[in-house]
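The values are calculated or read from the model by the stated rules, or taken from the named source; none is laboratory data. Since the model is a prediction, treat every value here as computed from it, not as a measurement. Please note: Cβ atoms are built from the backbone with ideal geometry, for glycine as well, and neighbour counts cover all protein chains shown.
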Amino acid sequence: MTVRLREAMATLPGYVPGRTVAGAIKLASNETPLPPLPYVVERIAQAAQTANRYPDNWSTELVEALAARHGVEAERVVAGCGSVSLIHQLAAAVAQPADEVLYGWRSFETYPIVAAISGADPVAVPLRDHVHDLSAMAAHVSERTRLVFVCNPNNPTSTAVHRDELVRFLDAVPDDVVVVIDEAYHEFVTDARVPDALTLLDDHPNLIVLRTFSKAYGLAGLRIGYGVSGNPEVPGALRQVQSPFAVTTLAQQAALASLEPEAESQLMARVKDIVIERDRVRETLIAQGWTVPQSEANFVWLRLGEATMDFSAACDAAGVSVRPFAGDGARVSIGTPEENDAFLTVAAAYPTRT
Ligand code: PMP
């Protein structure tokens, strides 16, 4: 049987999740290698007692906690079923056919997908040396541009843009165009020149900053992220297009528990360990002869080009799953020191260097 789908479906790019292979070391999805804190697991278990009830549709307690933490009104904060859900909601609320959705490329693969779903035209501006080329992006802003994504640090290249260039870019975008700064990896940033985009909201009310509990907070499996906007209109629009009850009580409670000072300081200590490992992995790769862009995230990028799939197969053969982007490069998440060593052993033995 053939059913009729939207024309866009014929060419919709697919989302390729990092593979989970039984028994293999998974360095493919930028997850945290350690399980949630026992305290957080306890709160999840408590929340499970109310699983016969729908969750609070607006994640009120969490939104208020996040608003207080970031010093903004609660109406400027919106929670989502992972920040990826907020990205879909942004496209649904902002972009339509004949509009343009602008982003750097290569970047997070959800951006072209949501652009295509909305029917808007994607405008993908090539990175320069694996870093967002914000002046080229500014040159591509047109009267049709409605939505802009800047992923900082960038997935999958791990690089980050600096405050001065980001501010220059924001100044160049008309103030009725929604700009999204996707800071999924913000907590791993160590370069002081990379801004906390929340500090840019006052001067740029058209901005929305996305954060997630999936990476530094180790809750990828529960699906919870949030946005902080320079204005209340965008969060309001995102709530309008949200699937009802998208954020579970388990996720809301786990996020709240993770924000409590004792839990959060333990989680941020883990982030520090990951950052130390990230720098060790990069330096080891460089000593092996690889060229590796500076990483401000919890992963590194190997610019393998045509060798990418072969390299990924070599990793698979050694029981290590990485995330290849055919013809371009491989993204390797930072795991525990032992997991990273297993990866470094494969990299050391690989015959070519890029
Ligand atoms: N943005 C970026 C740049 C990401 O890499 C990811 C996760 N791969 C997300 C958003 C989505 O994260 P989540 O939906 O788990 O919050």
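For every residue, the table says whether it meets (1) modelled with pLDDT under 95; (2) on the phi < 0 side of the Ramachandran plot; (3) of a type in the set (V, I, T).
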{"site": "G327", "(1), (2), (3)": "no, no, no"}
{"site": "V332", "(1), (2), (3)": "no, yes, yes"}
{"site": "A342", "(1), (2), (3)": "no, yes, no"}
{"site": "T345", "(1), (2), (3)": "no, yes, yes"}
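Of the residues A172, A160, A139, A184, which is among the hydrophobic types (A, V, I, L, M, F, W, C) and in contact with a Pro (Cβ under 7 Å, 6 or more places away or on another chain)?
Step by step, each of A172, A160, A139, A184 is checked, and only A160 is among the hydrophobic types (A, V, I, L, M, F, W, C) and in contact with a Pro (Cβ under 7 Å, 6 or more places away or on another chain).
Residues that are within 16 Å of the ligand (Cβ to nearest atom), free of Cβ contacts under 8 Å to residues at least 60 places away in the same chain and closer than 22 Å to G18 by Cβ: does region 179-200 have at least one?
The answer is yes; a qualifying residue exists.
With the structure loaded, tell me whether V161 is part of a loop (DSSP other than H, G, I, E, B) and under 23 Å from F325 (Cα atoms) or whether it fails that test.
Considered against the rule, which asks whether it is part of a loop (DSSP other than H, G, I, E, B) and under 23 Å from F325 (Cα atoms), V161 comes out as yes.
Applying the selection to region 16-38, what residues are surrounded by 12 or more Cβ atoms within 10 Å (Cβ to Cβ) and away from the ligand (no atom under 16 Å from the Cβ)?
Correct list: V21, A24, I25, L34, L37.
Check whether at least one residue in region 312-326 is more than 26 Å from A22 (Cα to Cα), surrounded by fewer than 17 Cβ atoms within 10 Å (Cβ to Cβ) and over 20 Å from the mean Cα position of the chain (by Cα), and report yes or no.
No: region 312-326 contains no residue that is more than 26 Å from A22 (Cα to Cα), surrounded by fewer than 17 Cβ atoms within 10 Å (Cβ to Cβ) and over 20 Å from the mean Cα position of the chain (by Cα).
Each row is one residue, and each column tells you yes or no for (1) touching a helix residue (DSSP H, G or I) at 6+ places or on another chain (Cβ under 6 Å); (2) closer than 30 Å to W58 by Cβ; (3) touching a residue at least 24 places away in the same chain (Cβ under 8 Å).
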| position | (1), (2), (3) |
| --- | --- |
| A257 | yes, yes, yes |
| A263 | yes, yes, yes |
| D273 | no, no, no |
| D279 | no, no, no |
| I286 | no, no, no |
| G305 | no, no, yes |
| E339 | no, no, yes |
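Specify the residue that is farthest from N155 (Cα to Cα); the eligible residues are those in region 209-246 that are within 13 Å of the ligand (Cβ to nearest atom), in contact with a helix residue (DSSP H, G or I) (Cβ under 8 Å, 6 or more places away or on another chain) and among the aliphatic types (A, V, I, L, M).
Of everything passing the filter in region 209-246, A246 is farthest from N155 (Cα to Cα).
What number of residues within region 76-96 satisfy the criterion of being within 15 Å of the ligand (Cβ to nearest atom) and free of Cβ contacts under 8 Å to residues at least 60 places away in the same chain?
Residues meeting the conditions: 2.
Just to be sure I understand the filter: pairs with C-beta atoms under 7 Å, separated by 6 or more residues or on different chains, first member in region 46-75 and of a type in the set (D, E, K, R), second member surrounded by fewer than 12 Cβ atoms within 10 Å (Cβ to Cβ) and part of a loop (DSSP other than H, G, I, E, B). Which pairs pass?
none
Of all residues in region 159-185, count the ones that are closer than 21 Å to R106 by Cα and of a type in the set (D, E, K, R).
Total satisfying the criteria: 4.
Is there a residue in region 101-114 that is of a type outside the set (S, T, Y), on the phi > 0 side of the Ramachandran plot and either surrounded by fewer than 24 Cβ atoms within 10 Å (Cβ to Cβ) or in contact with an Asp or Glu (Cβ under 6 Å, 6 or more places away or on another chain) (or both)?
No, there is no match, as no residue in region 101-114 is of a type outside the set (S, T, Y), on the phi > 0 side of the Ramachandran plot and either surrounded by fewer than 24 Cβ atoms within 10 Å (Cβ to Cβ) or in contact with an Asp or Glu (Cβ under 6 Å, 6 or more places away or on another chain) (or both).
In region 1-97, which helices (runs of 4 or more DSSP H) lie fully inside it and hold 1 or more residues that are of a type in the set (F, W, Y)?
So the answer is 38-48.
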